[in-house]
Amino acid sequence: MVNTIQLGPLTLHIYGIMTALGYLSAFIISEFRARRKGLDTDVLYGIFWCAVLGGSLGSKLLYYTVSIPDILKNPSILWDFQNGWVVYGGIIGGVLASFIYCRFKKADFISYLDLVLPAVAFAQGCGRIGCFFAGCCYGRETDSALSIQYWQSEYAPNGVRLIPTQIYSSIGDFAIAFFLMAYAKRKPAKGKVAAGYCILYSIGRFGIEMLRNDYRGAIGFLSTSQMISILILLLGIAMFVWAGKAAGQGSAEAENGQE
């Protein structure tokens, strides 16, 4: 599997290309849907940059957290900004930064969260394709015909058949994105699309973690991402229930106001 493209003196990494494509596609999808929903695209633009910066910081901080034993042995890891990013840290950091921005702009955070999370899932699908070419986030060894072998990867073991977890993750992320965008067209209660993302992504990520073989940190017998997945799943369920109750109360108040 090749991760670099050489164009004269210019070296391009497919991982970087797919990551950039993910960010760009997320913004284009969100902007298109924002215009259809009548949401402020200027606010969306601010959310985009907050998500990029907050997501990058959160991703790196979570990587440092799960890599403390390695950092103690080799502190130079702290200065390696090319490698070492954790998706869940990026999601959490991006959401928190966007929340602060929406509070500052007095914008409806939940409405924009419903708007952008399907696009985030699409971006994650693009990013996992980049992981596939780079060889990071690799799976366990397998004898299955549905396997991948690396020969030049700096991350995955070379010359052995591995479960293509990156491709499975990518397919799942794209499926979540299209499902949530279709669900949003039914105009569910505010917050239910975001809740759906939390529920679907956390379940999918928990399962994929069982197939992966790269080090991701551990809390007991669970990986760090599996533990976070459980928390995100509970948050998603609670948010879905809250959104339904809030919509029901709003309808009841509207009916009472008309009497």
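The values are calculated or read from the model by the stated rules, or taken from the named source; none is laboratory data. Here the structure is a predicted model, which means the values were calculated and not measured. Quick reminder, even Gly has a Cβ in these numbers, built from the backbone with ideal geometry, and neighbours come from all protein chains shown. Areas reflect the complete protein model, heavy atoms only, side chains present, ligands, DNA and RNA absent. Shrake-Rupley method; radii C 1.70, N 1.55, O 1.52, S 1.80 Å.
Some points to look at:
- Shape of the stretch 1-130, Cα gyration tensor, a/c cut at 1.5: oblate
- Model label sites at Glu154 and Val2, defined 7 Å from Cα along the beta-carbon direction, differ in position by 1.8 nm.
- With 22 Å as the limit on Cα-Cα distance, the pairs of Lys37/Lys190; Lys192/Lys245; Lys60/Lys106; Lys60/Lys105 that go past it are Lys60/Lys106; Lys60/Lys105.
- Residue-count net charge about Ile68 - beta-carbon cut-off 14 Å; Lys, Arg +1, Asp, Glu -1: +2
- In sequence order, calculated HN-Hα J values of the stretch 167-184 (Karplus, 6.51, -1.76, 1.60; Hz; x Gly/Pro): 5, 4, 5, 4, 4, x, 5, 5, 5, 4, 4, 5, 5, 5, 5, 5, 5, 4
- In this label model, Ala238 and Asp40 are separated by 2.9 nm, measuring between points 7 Å along each Cα→Cβ vector.
- Computed from backbone phi, the HN-Hα couplings of the stretch 109-120 come to 4, 5, 4, 6, 5, 4, 5, 8, 5, x, 5, 4 Hz, rounded to whole numbers (Karplus: 6.51 cos²θ - 1.76 cosθ + 1.60, θ = phi - 60°; Gly and Pro given as x).
- Summarising the amide proton neighbourhood of Tyr150: residues at separation of 5 or more, or on other chains, whose placed amide H is nearer than 5 Å comprise Gly159, Val160.
- List Ser225, Ser76, ordered by accessible area with a 1.4 Å probe, largest first: Ser76, Ser225
- Remark on Asp214: its backbone amide H falls under 5 Å from those of Tyr138, a criterion applied only to residues 5 or more positions apart or on other chains, H modelled at 1.01 Å from N.
- In order along the stretch 222-230, the phi-based Karplus estimate (6.51 cos²θ - 1.76 cosθ + 1.60, θ = phi - 60°) of 3J(HN,Hα) comes to 9, 6, 4, 5, 5, 5, 5, 4, 4 Hz; Gly and Pro are listed as x.
- The portion of the accessible surface of the chain made up by carbon and sulfur, rounded to a whole percent, is 67 (1.4 Å probe; DNA, RNA and ligands excluded).
- Accessible surface for the chain, divided over its residues, is 55 Å² per residue with a 1.4 Å probe.
- Simple spin-label estimate for Tyr215 and Ile28 gives 3.9 nm between the two label positions (7 Å along the Cα-to-Cβ direction from each Cα).
- Three principal axis lengths of the stretch 122-259 [C-alpha, angstrom, descending]: 73, 33, 23
- Label corresponding to log10 I(q)/I(0) by the Debye sum over Cα atoms at q = 0.08, 0.10, 0.13, 0.16 Å⁻¹ when calculated from the structure given, among (1) -0.33, -0.48, -0.76, -1.13; (2) -0.35, -0.54, -0.89, -1.29; (3) -0.44, -0.65, -0.97, -1.20: (2)
- Span per principal axis, largest first, for the Cα atoms of the stretch 91-172 (Å): 54, 22, 15
- Using only side-chain charges placed at the Cβ, +1 for Lys and Arg and -1 for Asp and Glu, the dipole size of the chain relative to its Cα centre rounds to 360 debye.
- Positive-end extreme of charge dipole, the stretch 72-151 - chosen from Val95, Cys126, Pro75 (charges on Cβ): Val95
- Taking amide H atoms as placed 1.01 Å from N in the peptide plane, the amide H of Thr4 lies under 5 Å from those of Ile14, each 5 or more residues away in sequence or on another chain.
- The charge dipole of the stretch 1-101, taken about its Cα centre with unit charges on the Cβ of Lys, Arg, Asp and Glu (plus for the first two, minus for the last two), comes to roughly 220 debye.
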